[in-house]
Amino acid sequence: MQKGVVDFITLGCSKNLVDAERVMRQLEAVGWKCVHDPEKPKGEICVINTCGFIGDAKEESINMILQMAERKKRGQLGKLIVMGCLSERYRAELEAELPEVDAYYGKFDFMGMVEYLVSAPSSAKNVLPRTRAFADPNRKRTFLSEDTRLPEAYEREQEKGESLSCERKQEGGKRQSCEGYERHLTTPKHYAYLKISEGCNRMCSYCAIPLITGRHTSRPKEEILAEVRWLVSQGVKELNVIAQDLSSYGLDLKGEWVNGSRHLLPELIDEIAQVPGVEWIRLHYAYPTDFPEGLLDVMAKHKNVCKYLDIALQHCTDHMLDLMRRHITRAEQDALIKKIRERVPGICIRTTLLVGHPGETEEDFEELKAWVKEMRFERMGCFAYSDEEGTYANKHYKDDVPQEVKDARASELMAIQQEISGELMAKFVGKTERVIIDREEGDYFIGRTQYDSPEVDCEVMIEKIGDWKLEIGNFYDVKITKAEDFDLYAKIE
């Protein structure tokens, strides 16, 4: 056990990763050494940043807590701390079932961990009592004030099937937002995730996110721009902009109107693109309903805004879109896709689909398959429905699609997408593409084009030749020589 060392284990999405990075930076400022996702945890303290989105993620988080609890029992760990989505939603249950954990923090009070560990001498074990995250009612929360997440508000809007209002109370006439954007970057030095908002106002039937994160709350634009400049000063060249719902950015920022609209995402991205040193901007998790179309003009205008948009569409039949409470029709969704491709020629659209939702018939699934073949998405993922406690679907629908049918549908859809991807990737052969180098691995340098997000999308394998080395984090023009279904091979021009 290494004294003065805190091991961080982050599960779930990139938004969770940003939270962990912020805490790590704050702990390092008061003298702790922080290690992220160590192969062999050796620190005297372990912080597990949990995910609580779907069943598999919750199970992974619980198993990791149990694994670290065993290390603590064997005397290999001094303190075990849990934060994140799972403990935000199930704190009382976790405290009762897992007393081995010394302190629980949720999604919005995790900076209290810094106060806790500053008071706990590194040479002592179990010095402070286990801490409930909301023991101090005056503690500020990250992004959200207390009143934005009331379960009663969620219940009312969930039943009405409408999005939560963006209007919200302000404490002392001022908004609460994250305090301090500096982070311990755990990604390769050349790219980072940039979280511009928290929460979600959409009331999709299957989704537990509003139960965990509450209402959508945008960060002030100037604060985001200050973080962008800081990230660039740290060597970051690629910004992966993330939010649960990019499309709603700015709707809750009172008094800020742009061209008669409070959709401030186009203005924000336009200004980020003008910050010196920002080479690539990539957009993740837009919502099709109320999509800010001005964003397309910004994407077409700036070369450093990647021709890439992650927009979760979930399904295509009017029957399923209605059951899922997506507030859009197939005709409207198809028209948006067409508009995106027309106004940003060559764009790569990444989407996610959901199969096996209650009420999905064979006819719905056959139409979905035909639609995927027609749309030919450049990047696509597919998930089987997970019945999540407290969601509208959980309370009002019967989970009537057998698990084996859900899994079979997901596999069949991904097989279709694999064939589409192979055909689209083959069109790159012979072309020259600009790539950023992420790492060196075996006989190859591994890079990505502007059409590929880190960790989830395709990669470009550049074979090593002689002693010539490519610099990690630098851009190179490469000629594509070979294509596989999900990867490309290239050589330096």
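The values are calculated or read from the model by the stated rules, or taken from the named source; none is laboratory data. For clarity, every value in this text was computed on a predicted model and none was experimentally measured. Glycine gets a Cβ as well: all are built from the backbone with ideal geometry, and neighbour counts include every protein chain shown.
When 410, 415 are screened for being in contact with a strand residue (DSSP E or B) (Cβ under 7 Å, 6 or more places away or on another chain), of a type in the set (Gly, Ala, Ser) and not assigned by TED's automatic domain parsing to the domain that holds residue 462, only 410 passes. Checked against the criterion of being modelled with pLDDT under 95, touching a strand residue (DSSP E or B) at 6+ places or on another chain (Cβ under 9 Å) and either assigned by TED's automatic domain parsing to the domain that holds residue 221 or not β-branched (Val, Ile, Thr) (or both), the candidates 321, 283, 268, 264 yield just one match: 264.
Close contacts from the range 99-114, counting a first residue that is in the same structural domain as residue 79 (by TED's automatic domain parsing) and a second that is in a loop (DSSP other than H, G, I, E, B) and hydroxyl-bearing (Ser, Thr, Tyr), with Cβ to Cβ under 6 Å and a gap of 6+ residues or different chains, come to 108/142; 113/105.
Run down 308, 397 and say which single residue is assigned by TED's automatic domain parsing to the domain that holds residue 414, crowded, with 19+ Cβ neighbours inside 10 Å and of a type outside the set (A, V, I, L, M).
On inspection, the qualifying residue turns out to be 308.
Screening 420, 436 for residues that are more than 22 Å from residue 325 (Cα to Cα), surrounded by 15 or more Cβ atoms within 10 Å (Cβ to Cβ), over 24 Å from the mean Cα position of the chain (by Cα) and of a type in the set (Val, Ile, Thr) leaves exactly one candidate, 420.
Here is a check on your reading of the model: is residue 333 polar (S, T, N, Q), at positive phi and either surrounded by 19 or more Cβ atoms within 10 Å (Cβ to Cβ) or touching a strand residue (DSSP E or B) at 6+ places or on another chain (Cβ under 9 Å) (or both)? So residue 333 fails the test. Of all residues in the range 257-280, at least one satisfies being of a type in the set (Val, Ile, Thr) and assigned to a loop (DSSP other than H, G, I, E, B).
Scanning the range 45-67 for residues that are without any contact (Cβ under 8 Å) to a residue 40 or more places away in the chain and farther than 14 Å from residue 104 by Cα gives 58, 59, 63, 66, 67. Criterion first (touching a His at 6+ places or on another chain (Cβ under 7 Å), touching a residue at least 40 places away in the same chain (Cβ under 8 Å), within 25 Å of residue 369 (Cβ to Cβ) and buried (at least 18 other Cβ atoms within 10 Å of the Cβ)) does residue 451 satisfy it? When the stated conditions are applied, residue 451 does not pass them.
The residue that is farthest from the chain's Cα centre (by Cα), counting only those in the range 368-386 that are crowded, with 18+ Cβ neighbours inside 10 Å and over 30 Å from residue 305 (Cα atoms), is 368. Within the range 220-240, residues that are in a helix (DSSP H, G or I) sit with their Cβ atoms under 6 Å from residues that are crowded, with 19+ Cβ neighbours inside 10 Å, at 6+ positions apart or across chains, in these pairs: 221/268; 224/196; 227/181; 228/272; 231/192. Candidates in the range 304-334 are the residues that are out of contact with any Ser or Thr (no Cβ under 6 Å at 6 or more places or on another chain) and basic (Lys, Arg); of these, the one that is farthest from residue 284 (Cα to Cα) is 330. Condition first: touching a Cys at 6+ places or on another chain (Cβ under 9 Å), under 15 Å from residue 249 (Cβ atoms), surrounded by fewer than 22 Cβ atoms within 10 Å (Cβ to Cβ) and not acidic (Asp, Glu). Now tell me which residues in the range 208-236 satisfy that. Scanning the range 208-236 gives no hits.
Within the range 80-97, how many residues are closer than 19 Å to residue 55 by Cβ and assigned to a helix (DSSP H, G or I)?
10
Please determine, by comparing only the residues of the range 380-412 that are assigned to a helix (DSSP H, G or I) and of a type in the set (Asp, Glu), which one is nearest to residue 350 (Cα to Cα). The residue in question is 412. When the residues of the range 1-35 are filtered to those that are among the charged types (D, E, K, R) and more than 22 Å from the chain's Cα centre (by Cα), the one that is surrounded by the fewest Cβ atoms within 10 Å (Cβ to Cβ) is 3.
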